[in-house]
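A short worksheet on the structure shown next.
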Amino acid sequence: MPTLLFSVAGVPSATLLLALLALPLLTLTLLRAGRGWHRSVHYQIGLVSTGLSLLLALRLPRAFCSTSSGRVETVRVVLAPSAVTPIRLGIDGISLPFILLTNLTIYLCVLSLNSSTPRILEAVVALVALQFGVLATFLALDLLAFFICFERTLIPIFFLVLLWGSRERRIRASYRIAIYTLLGSIFRFFNLLYLSAKTGTTDYDLLLQLSLHEEDQRFLWGTFFIAFAAKIPLVPLHLWLPEAHVEAPTVGSVLLAALLLKLGTYGIVRFSLPLFPEGTVYFAPIVTTLAIVGVIYTALTARRQVDLKKIIAYSSVGHRNVVLIGRRAGTSEGLQGALFQRISHGIVSGALFFAVGSIYERYGVRSLHYFGGLAHLYPLLTIVFVTFSLANLGLPPTSSFVGEFLILLGILPHSG
């Protein structure tokens, strides 16, 4: 059962994180029990639950900044009495921004719905279930727990695209998401079995203290990277993303861009880089080359599109390749810029998809050919869209500029 380890700044930090995970589960239980209630009640339950989660998440920075160890290591979860070591959940400077981003994004997605949304009960259930899966993924300090939670996020987004997709190809798009994700996960699953048999543990901190053979590190890093590259996604494993964005409902596109596509780079930074440093160095030239090719390819492809969702989707792939370049630089500026850019991109791309979705719901089109004179009809929406478009370009002094500038500073030492 869960065990509290310590308190921070007068607030039981273990209880705080446990509440963040327990609240979505309690909400799902309540929604299941109240299936016969009016659809407006289902919407209000989802709105209140995600709002409370956001308020709880806003208390985390104070608890984290009050620690001297740099990590609020909070919860032990024993899945079975015979388990050798319990699965541990915790938060540090890498995962904290994503916890805040997750709760903010989920709340805005629920807020964008209304009681007249088709299948509102199922929509709220999918969003709350996705919230739990993403939060647990960012909090996991165990490779097995990370794998389970990482794969669990596939189920809600699959049904969001399948049931609420906007066009006739939504079935194809939802299955593409599943196939690409699961094919990558096969590598990671067998790697976990190999690593567990080799070391006897999947605990993150215990693995940090071990020194694996160089050949093992290269093998594990390469196969882990294949799984994460499909989720980033990295060229040529990106083919599922543009179609998924085009066919997904507005909230589906927002969740893909703001949260789910961050899990790949998070897994590389959290596990691959520190656990397999020899593999990181060995594969650095290959990964950097693929990322540079991805930036150029997606930029040229985005220029040819007329569908706004496809333009944002391809630009998103390019931004994530830039993030990967910053990670591969290995400098403090590059790493900080990559982290900053990921958070910035989650906010900017989410806002752009919300804006495009708002236009699509009014007119049923996303082609650039039909958007002439939009500023006269919706001046406020136009201002929001242009502002975040400029942020997506990295225009000073937007947040994207800060992240990309730091990444450029980070890779300068390697330019010679």
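The values are calculated or read from the model by the stated rules, or taken from the named source; none is laboratory data. Since the model is a prediction, treat every value here as computed from it, not as a measurement. Positions of Cβ are generated from backbone atoms using ideal geometry, with glycine treated the same way; all protein chains shown enter the neighbour counts.
Odds and ends about this structure:
- Residues of region 197-222 that are of a type in the set (G, A, S) and within 26 Å of the chain's Cα centre (by Cα): G222 alone.
- Flag set for G334, criterion: buried (at least 22 other Cβ atoms within 10 Å of the Cβ), at pLDDT below 90 and in contact with a Lys or Arg (Cβ under 8 Å, 6 or more places away or on another chain).
- Any hit, region 360-382, residues being β-branched (V, I, T), outside any loop (DSSP other than H, G, I, E, B) and closer than 25 Å to T102 by Cα: no
- Some residue of region 148-168 being among the aromatic types (F, W, Y), assigned to a helix (DSSP H, G or I), surrounded by fewer than 16 Cβ atoms within 10 Å (Cβ to Cβ) and free of Cβ contacts under 8 Å to residues at least 60 places away in the same chain: no
- Only one of L183, L207, L255 that is over 30 Å from L108 (Cα atoms), touching a Leu at 6+ places or on another chain (Cβ under 7 Å), in a helix (DSSP H, G or I) and assigned by TED's automatic domain parsing to the domain that holds R270: L207
- Members of region 33-57 found to be surrounded by fewer than 13 Cβ atoms within 10 Å (Cβ to Cβ) and within 20 Å of F98 (Cα to Cα), listed by number: L55
- Within region 173-188, the set of residues being more than 17 Å from the chain's Cα centre (by Cα) and surrounded by fewer than 16 Cβ atoms within 10 Å (Cβ to Cβ) comprises Y175, I179, L183, I186.
- Selection status of T117, of a type in the set (V, I, T) and not in a helix (DSSP H, G or I): yes
- When L192, L210, L256 are checked against the criterion of being in contact with a His (Cβ under 9 Å, 6 or more places away or on another chain) and of a type in the set (A, V, I, L, M), a single residue qualifies: L256.
- Those residues of region 321-352 which are of a type in the set (D, E, K, R) and under 14 Å from F98 (Cβ atoms), in sequence order: R342
- Summed over region 325-351, the residues that are farther than 16 Å from L260 by Cα and of a type outside the set (D, E) give a count of 14.
- Residues satisfying the stated conditions in region 267-299, i.e. touching a residue at least 40 places away in the same chain (Cβ under 8 Å) and β-branched (V, I, T): I268, V269, T280, V287, T288, V293, T298
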